[in-house]
Amino acid sequence: GAMLMAIRLRGMEAGETLALTQAMASSGRTLAWPPSWQGLVVDKHSTGGVGDKVSLALAPALAACGCKVPMISGRGLDHTGGTLDKLEAIPGFRVSQSPEEMRHILERVGCCIVGQSTELVPADRVLYGLRDVTATVDSLPLITASILSKKAAERLSALVLDVKFGGAALYPTQESARELARSLVEVGTHLGIRTAALLTRMEQPLGRAVGNSLEVLEALECLGGSGPPDLRHLVTVLGGVLLWQCGMEQGAEQGRERLARALDDGSALGKFEAMLEAQGVPPDIARDLCAGTPAQRRQLLGEAKVCEELPAPQEGWVQQVRALPLARVLHHLGAGRARAGDPVNLRVGAELLVGTGQHLRAGQPWLRVHHEGTLSAEGRRELQDALCLGPEPPRDLPPLVAETILP
């Protein structure tokens, strides 16, 4: 605790952060891969957002392009969702896999999405628990070491980081997000991992769906070559950078085009189905989920008791839908957890029925909320506050990806 507080107050130079990261990475087992995989083992990490289901589409798309993706993910905490919770909305999916099982799945499928093994980076679990009670969670060197020690243990060739900023992100400003991104890229590069970071906006939800099972449905749309344009854009841009970083394409733009083809030709969806089966989902459920109609998919994942549409309070043009109040209400309804270990209702969520720049009439439905009959009048008011309307269409929308940080 004293060491953490000293780091929080005094900061660390890049060399010190690197030494801490290496010590944490070597506190447990590290993964080992066949020599033939040299240069192909890649991963992505996001600092967490609302509606961020990128990993569900990106890992199988990268596998379809020939990469090996040993993705170690986390659970949702506070208002941000967790990849593992989303996958556990699929009947039978098993996030707990040993290093040997991970290697077996990567040999057969090319990707897996798993929880952190007790054998990998045990020092991170100890320090993370201490950071929570010593008010040192926001320390830049400690965040850097926590993220990269796990990636170093994966023995990666290339890593792309999605560092979010904005009203619903860990970092409110682009400047503060850039500081973390530069620290991650510098230390990652010194670890021998080809590392890049993208600064992406998190004011509005990514895509149209928020909530665990609803986000799985939207990720399946993306894997089938459709779905919301902003989700597809972020998946292909992050994947394109990785394909370039590991030398499979000459540039990030060529990598983006190759990843888009994997989404459009069905190969990414095929990898997702194979990954589901390899991680415990019964073959008939995996097949029906990937090949079924939207109605069949919803039936497989189950639905909340109540499906309620909220009307626009007045006429106007949609300026934005703020992610933070939306996520907080859904969190209160059971879609998230306040502390590690809390149960989550995987069927609670919301679907945006409108997009930025769209004209709404008074009374027109703009949001569909899935809940268990527990949405209060105050919750409805908070959700209505998330909708920002104006008398004119919004001008000059900023790009989703604000900046790319390279070594």
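The values are calculated or read from the model by the stated rules, or taken from the named source; none is laboratory data. As the structure is a computational prediction, the values presented were derived from the model and not from experiment. We place every Cβ from the backbone using ideal geometry, glycine too, and count neighbours over all the protein chains shown. When the accessible area is computed, the model is the full protein with side chains, heavy atoms only, and any ligands, DNA or RNA have been set aside. Shrake-Rupley method; radii C 1.70, N 1.55, O 1.52, S 1.80 Å.
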Are any residues in segment 201-217 among the acidic types (D, E) and buried (at least 24 other Cβ atoms within 10 Å of the Cβ), and if so, which ones?
E215
Please specify each residue of segment 63-83 satisfying the condition of being open to solvent by 30 Å² or more (accessible area, probe 1.4 Å) and among the polar types (S, T, N, Q).
T80
Are any of the residues in segment 225-239 open to solvent by 20 Å² or more (accessible area, probe 1.4 Å) and β-branched (V, I, T)?
yes
Quick one: in segment 85-95, which of the residues that are farther than 25 Å from D265 by Cα and buried (at least 21 other Cβ atoms within 10 Å of the Cβ) is modelled with the highest pLDDT?
A89
Flagged pairs (Cβ under 8 angstrom, 6 or more apart or on separate chains; first in segment 233-256, without any contact (Cβ under 8 Å) to a residue 24 or more places away in the chain; second charged (D, E, K, R) and in a helix (DSSP H, G or I)) are G240/E253; G240/R256; G240/E257; G240/R258; E249/R258
Which ones in segment 352-400 are in contact with a His (Cβ under 8 Å, 6 or more places away or on another chain) and crowded, with 16+ Cβ neighbours inside 10 Å?
G379, L400
Quick test for you: out of E221, E249, pick the one residue that is under 27 Å from A304 (Cβ atoms) and open to solvent by 10 Å² or more (accessible area, probe 1.4 Å).
E221
If I filter segment 149-174 down to residues being more than 21 Å from L243 (Cβ to Cβ) and of a type in the set (A, V, I, L, M, F, W, C), which single residue comes out as modelled with the lowest pLDDT?
L170
Can you tell which of R155, R208 is within 30 Å of R29 (Cα to Cα) and charged (D, E, K, R)?
R155
Name the residues in segment 252-270 that are open to solvent by less than 10 Å² (accessible area, probe 1.4 Å) and in contact with a Gly (Cβ under 7 Å, 6 or more places away or on another chain), would you?
G255, L259, L263
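Okay, residues lined up against (1) within 17 Å of T195 (Cβ to Cβ); (2) of a type in the set (V, I, T):
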residue	(1), (2)
V41	yes, yes
S46	yes, no
G51	no, no
V54	no, yes
D85	no, no
A89	no, no
Within segment 328-336, identify whether any single residue is β-branched (V, I, T) and either surrounded by fewer than 17 Cβ atoms within 10 Å (Cβ to Cβ) or in contact with a helix residue (DSSP H, G or I) (Cβ under 9 Å, 6 or more places away or on another chain) (or both), and answer yes or no.
yes
Residue identified as basic (K, R) and out of contact with any strand residue (DSSP E or B) (no Cβ under 9 Å at 6 or more places or on another chain) among R347, R322, R287, R337
R287
By residue number, the members of segment 36-62 that are open to solvent by less than 10 Å² (accessible area, probe 1.4 Å) and closer than 15 Å to M102 by Cα are V41, V42, D43, A59, P60
Quick check on my filter: what residues within segment 271-297 are crowded, with 16+ Cβ neighbours inside 10 Å and over 17 Å from F93 (Cβ atoms)?
none
Counted residues in segment 10-30 being part of a loop (DSSP other than H, G, I, E, B) and farther than 16 Å from A123 by Cα come to 3
Among the numbered conditions (1) under 20 Å from the mean Cα position of the chain (by Cα); (2) outside any helix (DSSP H, G or I); (3) of a type in the set (A, V, I, L, M, F, W, C), tell me where M248 comes up short.
(1)
Count of residues meeting criterion [under 24 Å from G341 (Cβ atoms), of a type outside the set (G, A, S) and surrounded by 19 or more Cβ atoms within 10 Å (Cβ to Cβ)] in segment 117-142:
7
Note on segment 177-192: residues in contact (Cβ under 8 Å) with a residue 24 or more places away in the chain and open to solvent by 10 Å² or more (accessible area, probe 1.4 Å) are R178, E179, R182, S183, E186, T189, H190, L191
